[in-house]
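The values are calculated or read from the model by the stated rules, or taken from the named source; none is laboratory data. This structure is a prediction, so every number in the text was calculated from the model and none was measured. Because the Cβ atoms are built from the backbone with ideal geometry, glycine has one as well, and the counts that use them run over all protein chains shown.
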Amino acid sequence: MEHNQAIAHAIEVGWLWLIPAFPLFGSAINAFFGARLQKAYGKRVNHAIAIGAMVLSCVVAEVAFWKMIAAEPGHRFFENHLWTMWHSGALDVQLGFGLDPLGMVMTMIVTHVATLIHVYSMGYMSDEPAYWRFFMWLNLFVFSMLLLVMGSNFVVMFFGWEGVGLCSYGLIGFWYEDMEKAKAAMKAFVVNRFGDFGFIIGLFILFWSLSGRWEVPTNQYVPERGLAGVVRGTEPSRPRLSRSGVRLGPTMEFRELRNQVADESTGMAERLKEMTFWGFPVLALVCILFFVGAAGKSAQIPLYVWLPDAMAGPTPVSALIHAATMVTAGVYMVARLNFLYALSPAAMTVVAVVGCLTAIFAASIGFFQYDIKKVLAYSTVSQLGFMFIGVGVGAYWAGIFHLMTHAFFKACLFLGSGSVILACHHEQDMRKMGGLREYTPITRWTYLAACLSIAGFPIAAGFYSKDEILWKAFTAQGLLAPWMGPAIYLVGTVAALGTSFYMFRSYFMTFTGKYRGGEGHEMKESEEDPHAVAAHQHADVASHSRHAVAALEATAASVPHEHADPHGAAPVHHDAHAHGGVPHESPKSMTYVLIALAFAAVVAGFIFGWPAAWGGHGPMLEHFLAPSLPGQELVPFAHQSHATEIFFQFMGGILVAGAGCFAAWALYHDNKSTVPARLKAMFPWTWSLVFNKYYVDEIYGATVVRGSLLFSRVLYWLDQNVIDAIVNFMALLGRTVAYIDAAIDKYIVDGAVNGLGNLTWNSGRALRRIQTGHIQTYLYGALGGAIVFVIIQYVIR
Amino acid sequence: MTSIGLPHFLIVGAALFALGMVTVVTRRNAVGILMGVELILNAANVNFIAFNHYVEGPGKITGQVFSIFVIVLAAAEAAIGLAIVLAIYQTFRTIDVQETDLLRQ
């Protein structure tokens, strides 16, 4: 690489701050005046404010996008520094926004998908009494997410990182009167904190490794010797520049860090590679710690447990936060730090392997879930695993590409499921759906399009992104061992097969067959499909404890079923929709959004990701993102012919997707097949293991949660018996001293004062007698005095 | 026997003063007190005259002049004193000085 190309030059664009500012203002208005506005003018005002803010933000993002398209590829780094937040030694941390091609793609996804989901929420949440609060949180979330993706340095990114966690908490627990939902919110927040801890420790170590040391007597910053040779100037106030003009020294700015690492003349890349921290290679340590943060936010093993529970939130929230945007923050961060990850094969391997395991693990859980949103949640976890495979093997653009297509199809699926849930009167259990294609045609077609996309049928977007990831994994050579790439490919392909199966299972269970909702149907349905019986007992042992698959009854009854309750998870807060009745299509504001997202889910693939193997100049998105991803150049890939690639694409795409789809069709299309029940009876232990999500929640409950509760109890005991004893003893000591002091004060100090007062008073009383007011008395005195004088005169003489 | 000298006059003066003093101190009647004051003043007059004669010598009149002044002043003082006694009487309906102790308050 040429030095000049390695360096990213920024263009200052003064209005970038407007993009996150609009949602912030919208949120502030709804936060402070929302309740009053809603009461005075109705709900229209609340969503008009929120959606208006989003549209404005979108428009500004569009303007920035076209400005970026017009700029030279090497100059597509827009920055906007507002003010210095703090200054410490040679480090300046500014409130700065930056848009490079990577940030631009994310910003476009976030603003546009968020706008669509705001519009959708208008219909979905129309019965909600705390309408203003919902839009307040939603806008605040978009603001935080934009901080995250647009922050030009780690600090602003971290603000956004924490902000989205907060908003996620507020929105999962939106119906906080329900204990289960409040718990889910708490769980999401706590698990995310684990990840954030990794993030911030990684940040500290990275900062430590970037900087030099402080010269004690002169109090000056001195870069490490490896950097000192190319530094110009020695004054601490003047920025040190390398030969190619890159500012050196500690930095929080992504662009400066990127330049320092990417530009060879700084020597930073070599220095980081050689550096160790307590014996660990610092680069691998930093990257893995960052990945811990990413795993928390993006729900990877072992921190994925919060995401399925997060489905307790309103469905638009699940679509926006827990599918399209927030959970992809981890992928974005890894891609953002691609220049670091590319230098550390160990870190890349960790990312790719964890992603790969998550993909297959979550996909397998998705097989047997009955709650439509739970299926989608595990699907999200699985797809995030695919993204991490992409960014792990070094195909950063492919990970981002999958992020983008996933944002479209998963938002479409979630909003479709929201439409279904609304149609079935807040029923989320797929066993009580079925046959909805007749009642909700638009939802059905958009859901089908998104299913095709996620399953990876050609033409639809998921095909391009998923096969690009798998193909890159197959040819990856940047990992620790050469056999790892193909192994990841194999596991990923199996996960893709699973994806296709469970997504079409949810489609067939929901939209084909006969409608099974409404009163009186449940009994009959249980008889028809024994598959459902065990889970019914999960949900409601009292009313359905009848004949069942005998082998399962014992296991099912003994299984904790906190998530299997189909009623508890439904957002039932108003009695306008009673159970039963005919399903109905959603209002237009919702179906139009579905159509827009389904359209994007189909066409985004070949527009942005037309594979190089099919001719042409290669994917448009790859070229666009190239300036942001210098790490991509550093990772080697095996060279294979286009024919091989096309062969693998069709293997992975058509064959795998088709097989999964066919299996789902055979088992679930009319809901009459007995094969699932028989399979279940054959492998009861496997079934209950997978149905209960491998008991991971229980294991966490028994180890982490119980352990920390035990620890807290020990601390409580210590607090009660040791700390309190010390405190009480000190208090006793203090009281005793105070008693003594009070006695001294009372009897000695006060005694002296009162004694003096009494003396004066009494002597005054005594002397007053002399003052009779009779002149004759005084004359007696005068005479007596005179006589005494005379006598004394005689005596003394 | 020696002739009458200065000490005799002084003894008469002292006796007059003592009588006046006793009157002033012991009398309860305000008019009586005024009388006692007159006695004291006249004791002083006796001393003036005696000292003028025996110390200054015959022909000198300094002591006599002082005595005249004292007599005039005594008249004026008696007038003022009686006026005060009258005022006291009007206020207290008595001229007993033991009763008139308002200033003590």
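Summary table below
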quantity	calculated
Residue ranges of helices (runs of 4 or more DSSP H) in the range A:589-687 with at least 2 members in contact with a helix residue (DSSP H, G or I) (Cβ under 8 Å, 6 or more places away or on another chain), over 30 Å from residue A:75 (Cα atoms) and in contact (Cβ under 8 Å) with a residue 12 or more places away in the chain	A:642-650, A:656-668, A:675-682
Subset of the range A:170-190 [outside any helix (DSSP H, G or I) and touching a residue at least 40 places away in the same chain (Cβ under 8 Å)]	A:173, A:174, A:175, A:178
The one condition in (1) surrounded by fewer than 18 Cβ atoms within 10 Å (Cβ to Cβ); (2) in contact with a Phe, Trp or Tyr (Cβ under 8 Å, 6 or more places away or on another chain); (3) of a type outside the set (A, V, I, L, M, F, W, C) that residue A:673 fails to fulfil	(2)
Residue in the range A:694-703 that is surrounded by 10 or more Cβ atoms within 10 Å (Cβ to Cβ), within 14 Å of chain B (Cβ to nearest Cβ), more than 30 Å from residue B:18 (Cβ to Cβ) and modelled with pLDDT under 90 present	no
Single residue of the range B:61-105 satisfying the filter (away from chain A (no Cβ under 13 Å) and among the hydroxyl-bearing types (Ser, Thr, Tyr)) that is nearest to residue B:38 (Cα to Cα)	B:67
Hey, residue A:709 among the aliphatic types (A, V, I, L, M) and closer than 23 Å to residue A:191 by Cβ or not	yes
Residue check, residue A:757 modelled with pLDDT of 90 or more and more than 10 Å from every other protein chain (Cβ to nearest Cβ)	yes
Selection within the range A:611-631 - within 30 Å of residue A:340 (Cβ to Cβ) and of a type in the set (Phe, Trp, Tyr)	A:624
Residue within the range B:43-57 that is within 14 Å of chain A (Cβ to nearest Cβ), part of a helix (DSSP H, G or I), under 23 Å from residue A:781 (Cβ atoms) and not polar (S, T, N, Q) present	no
Failed item, numbered, when residue B:31 is tested on (1) in contact with a helix residue (DSSP H, G or I) (Cβ under 7 Å, 6 or more places away or on another chain); (2) without any contact (Cβ under 8 Å) to a residue 60 or more places away in the chain; (3) away from chain A (no Cβ under 14 Å)	(2)
Test: residue in the range A:179-190 that is in contact with a Lys or Arg (Cβ under 9 Å, 6 or more places away or on another chain) and of a type outside the set (Ser, Thr, Tyr)	no
Subset of the range A:335-349 (residues that are crowded, with 24+ Cβ neighbours inside 10 Å and closer than 19 Å to residue A:259 by Cβ)	A:335, A:336, A:337, A:338, A:339, A:341, A:342
Test: residue in the range A:410-432 that is at pLDDT 90 or above and farther than 20 Å from residue A:584 by Cα	yes
Sole residue being within 14 Å of chain B (Cβ to nearest Cβ) and over 60 Å from the mean Cα position of the chain (by Cα), chosen from A:752, A:786, A:743	A:786
Residue check, residue A:8 small (Gly, Ala, Ser), touching a helix residue (DSSP H, G or I) at 6+ places or on another chain (Cβ under 6 Å) and outside any helix (DSSP H, G or I)	yes
Filter result (under 29 Å from residue B:28 (Cβ atoms) and either touching a Gly at 6+ places or on another chain (Cβ under 6 Å) or aromatic (Phe, Trp, Tyr) (or both)) within the range A:779-797	A:780, A:789
Residue in the range A:44-66 that is at pLDDT 90 or above, touching a Lys or Arg at 6+ places or on another chain (Cβ under 8 Å) and in the same structural domain as residue A:325 (by TED's automatic domain parsing) present	no
Residue match in the range A:467-477 (condition: at negative phi and in contact with a Leu (Cβ under 8 Å, 6 or more places away or on another chain))	no
